1. Taking chain A as a Gaussian network, Cα atoms linked when under 10 Å apart, which of A:Ser180, A:Ser142, A:Ser312 shows the biggest mean-square fluctuation?
2. I need the peptides A:40-46, A:198-204, A:341-347 ranked by packing, meaning the mean over residues of other C-beta atoms within 10 angstrom, with the highest value on top.
3. If you take each beta carbon of peptide A:40-53 and count the beta carbons of other chains within 10 angstrom, what is the mean?
4. Hey, fewest Cβ within 10 Å first, where do B:Lys210, A:Lys79 land in order?
5. Using a 10 Å cut-off around each Cβ of peptide B:47-59, what is the average number of partner chain Cβ atoms that fall inside?
6. What do you get for the angle between helix A:291-302 and the principal long axis of chain A? Use alpha-carbon atoms, 0 to 90 degrees, nearest ten.
7. Using modelled amide H (1.01 Å from N, peptide plane; none on Pro or chain starts), what sits under 5 Å from the amide H of A:Asp377, excluding residues fewer than 5 places away?
8. Would you pull out the residues with amide H under 5 Å of A:Cys362's amide H, same chain only if 5 or more places away, H placed 1.01 Å from N?
Amino acid sequence: MMFLASCGQQEKQEEKETKAAAIEAKTYKLGMSLAITGPTSDAGNPYAKGVEDYFKYVNEEKLLGIDTIDCTIRDDQYKTDVTKRNFEDYIGQGIIFYLNYSTGSTLGLKKDFDEEKIATIPASYHAGNLVDSNYIFLPIASYSEQLIILAEYVANNHKGGKAKVALFVHPSAFGRGPVSDVEKAIAAGLNIELVEVVEHGKDLDNTAMLKRLMSKGVQYVISQTIQSPVATMLKDSQRLGLTASSFGEAGKITFMGAHYTGGNDLIALAGDAAENYFWTTAFTITSVPGPATQAQLALAKRYSRDDKTANSHNYAAGIMVAEVAAEVIRRAKAKGVEINKEALYTEMNAMNGYNSYHPLTCTGPVTYSKTDRAGVDMLQIYSVQNGVFKKVGEPIQSEYIKKIK
Amino acid sequence: MSANSWLATGNFFTTYKQEQRTFLTSLDRAFFTFFLVLLFGWPLVFELSNKYMLVVDNVLIAIVAVMGLNLVTGFAGLISIGHAAFVGIGAYTIASFCRTIGDSHIIITHFWPALIVFSGLVGAIFGAIVGLPALRLKHLYLAIATLSFQMIFEWTIQFMTFFNQGQTIYVGRVFWFTGKVGRKDHYLFWYFIILTIVILLGFGIRNLLKTRYGRCLMAVRDNDRAADAMGMNPGLTKVYAFALAGFFAGVAGALHAYVYRGVGFESFTLHESVGYLAMAIVGGLGTLNGSFWGPVAIKFLDLQVETLAETAAQYLPSSMNLATALKPFTFGLVIVLFLMFEPRGIANWWRIIKSYTKLWPFRY
């Protein structure tokens, strides 16, 4: 009898230990490498803070129950060599999900992501990131899609004949990548005429270029670069009296651009020359009131971020990628599977249809599958009105991107 | 020679051959052998993470490049501020093969030692071509000529589609006798390879400096007209100094391509050239061991400043972006301080330390 009793006690003890082990808190290791200092750090810095703040919020509000996310964020100064070193470090630490930044480093480490079989979300929306890669997921529609959306907007809203368009691009893969896709869209029937593709340098004056474009009858300049060269161009155009005061004004130029050309930083750099600038992105912005703006500002306030960071669309972009990462962990956890690289990759690919996910700071749902690795496809066009970006219509999806795929 | 080859005391030479020995005493040789064993042995005892192994590999590659720069700038006195472009020539030689025959072709993956040497030779050819202006130009004007080569290189890579417009060109994984070198052993494997190359090239320079060709370099540096009067050919000397530097840089570039398993334009910019020059200055221009000290010191400093800037970025106001300025500021400050207070570089500290230890046992 004594033996049986002791056996019973032992079983109870083991049961208790099993339960305790079952509810033991887990920490999920994630890694992120981006330009907190150096070139493009004006975008990287708020992006990093967005990621950091959202993961803090997840942990503090126990959105993953007692489990927590530990995301190490390292500066790579926009250098691929340093990104590679950071990535190797993270892999050594056993990360299960990786967040990257630049186009150059994403392309440079593409094979490493595949070898490590680790789902990666970069801050670069270059379509080339997805070529020959299975593990890179763009957060939003590619630069190509953004430029085509703007070109479609021009084709649909231009009055009188075929619109003459010039592209103003960064002299790198980041800038050049979408050019061939725009050309393909035109070949597929997009009703615009591509007059010239300008690769900008570090020019401080664009008078000659603008005069040349005017002489060729260009009415729309679509930019795929960063804010500073666009700001220089806008200021020169304003000085020369070439900027259209409304979309498509005859005899003037309407300026437009993709994600990294716009935002509050552009307005800060270009001042009132930014007026009537058309910009597309898949993120909500704080100059448009709504629940997303409230949430973004509340998060920034909670973690004592300054106004510049709080109102940055890059802060919103950082929050978004953190939301996606936290969501796939939550989903994998809900299924009771072991949370590892493979499980999160599977969850990423399953994020479509009824399983799509709508992060608060985005203009549409994130959808991923084995054949679609561009997240938010719904792009919102904004334009600067009275010194702030305002919505132009509702979010739209590109028609021609499907045709050229 | 002294009766006891282990002692420095009473060490005198009876032939030129004896004087030109690499190691003056058996003790020197024993120390050096022990040091080599240590260099080859430590990774087998202390397992280092891939991150730090990559840092070590990177330092060794920089040593190979700086040895070349030291030959042309330190020993021959010809300023070159386009050294990263020569390194890039080596890397893009490998990349050209990858673009032409595929990154996993047997030539890339199995015949990599031959490709590394070939990259060095291509670097040497470009070095000799760029060195031609040295026949007519000196000092600042020569520096501008090398700078223009850097600019031409950058432009060519960024705009030619063959070079993927500067974006990464992938390089396949190499094979060793044991099979394909996997991800786990990649950096360790290359550590042993690069270390072997550093040792071979180091001995190469040491021996070169004992020959008339090596002495020509220094004679031309000190006074090329006097060297000419002494029967040397300053023009040829300058061109082969550039060719030699190009060879070292080409080898370094090829190693970079294999270690990083890809070639991208941003590793070979003017900024990197200035970095190599800084390593040569901080290490000690015109000294062989300076080529080792410089890269170690600058890369170590880089790592520390990176951490500092990253921490500072968390606290400094983002609108001013002060953290970004920390790295170039520290970098510049170190170079200025060395130029002001120790123009002979860390190699001079090493010389002083050695001279103290030489007192024992009664060397003089």
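A short reminder: the numbers here are calculations on the coordinates, not readings from a lab. Everything quoted here is computed from the prediction, not taken from an experiment. Here the Cβ is made from the backbone with ideal geometry for all residues, glycine too, and neighbour counts use every protein chain on show.
1. A:Ser180
2. Most protected by this proxy first, the peptides run A:40-46, A:341-347, A:198-204.
3. Values: counts 0, 5, 4, 0, 1, 7, 1, 0, 4, 2, 0, 0, 1, 0.
Mean partner-chain Cβ count within 10 Å for A:40-53: 2.
4. B:Lys210, A:Lys79
5. Per-residue shielding by partner chains comes out at 3.
6. 60 degrees
7. A:Thr367
8. Sorted by chain and number, the residues that satisfy this are A:Thr284.
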